Amino acid sequence: MDGDRVILRRMEAGDIDSVCAIEERAFPSPWSRQSFEEEMENDLAIHLVADIEDRIAGYIGAWRVLDEGHITNLAVDTDWRRQGLGRRLLDSMETQLYREGTRRVTLEVRVSNEPALSLYRRQGYRERGVRKRYYQDNEDAYIMWKVMKGETP
């Protein structure tokens, strides 16, 4: 993927339709349009999109509370997977969170989602627990944490 064509920026209201379409293709229990609209109004939320030639190719969301961040969702559209876009979105979000005082980041991920687990492990996230039957289909989720560079666990 030509990195010069990718613009990582804050999500705007006009991006929600594209984000919802990616969400529906990526997850068995996707967030609703209303959920994304509410997130745009949430002062604790940050949402970024990967814009490639005016097409939303991926997105990431997070909440920041005190010195902790919580990745709420990350998805890359099918045409752009396995090209480093998820890593770039995650890096960009972590940088943004760190600038705003976040020192630890957490997330939940399906125990069966090997591509996501691989990405998160490569980025320094470690499994610290399991949420039993976390998803609507009763699949478990790993709770993963990352301590930002220069910080102590």
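Being over 22 Å from residue 143 (Cβ atoms), in a strand (DSSP E or B) and out of contact with any Asp or Glu (no Cβ under 8 Å at 6 or more places or on another chain), is that true of even one residue in region 3-15? Scanning region 3-15, I find at least one residue that is over 22 Å from residue 143 (Cβ atoms), in a strand (DSSP E or B) and out of contact with any Asp or Glu (no Cβ under 8 Å at 6 or more places or on another chain), so the answer is yes. The listed residues are 102, 95, and the only one of them that is out of contact with any strand residue (DSSP E or B) (no Cβ under 9 Å at 6 or more places or on another chain), over 24 Å from residue 140 (Cα atoms) and among the β-branched types (Val, Ile, Thr) turns out to be 95. The residue of region 112-148 that is surrounded by the most Cβ atoms within 10 Å (Cβ to Cβ), among those that are under 24 Å from residue 31 (Cα atoms) and touching a helix residue (DSSP H, G or I) at 6+ places or on another chain (Cβ under 6 Å), is 144.
Filtered by the rule that a residue be modelled with pLDDT of 95 or more, closer than 22 Å to residue 144 by Cβ and out of contact with any Ser or Thr (no Cβ under 7 Å at 6 or more places or on another chain), region 45-72 gives 45, 46, 47, 50, 58, 59, 60, 71, 72. Within the set 48, 66, the sole residue that is of a type in the set (A, V, I, L, M) and either closer than 21 Å to residue 26 by Cα or surrounded by 14 or more Cβ atoms within 10 Å (Cβ to Cβ) (or both) turns out to be 48.
Just so you know, in region 94-151 the residues that are touching a residue at least 24 places away in the same chain (Cβ under 8 Å) and of a type in the set (Lys, Arg) include one that is farthest from residue 62 (Cα to Cα), and it is 122.
The values are calculated or read from the model by the stated rules, or taken from the named source; none is laboratory data. This structure is a prediction, so every number in the text was calculated from the model and none was measured. Methodologically, a virtual Cβ is constructed for each residue, glycine included, from the backbone with ideal geometry; neighbour enumeration extends over all protein chains shown.
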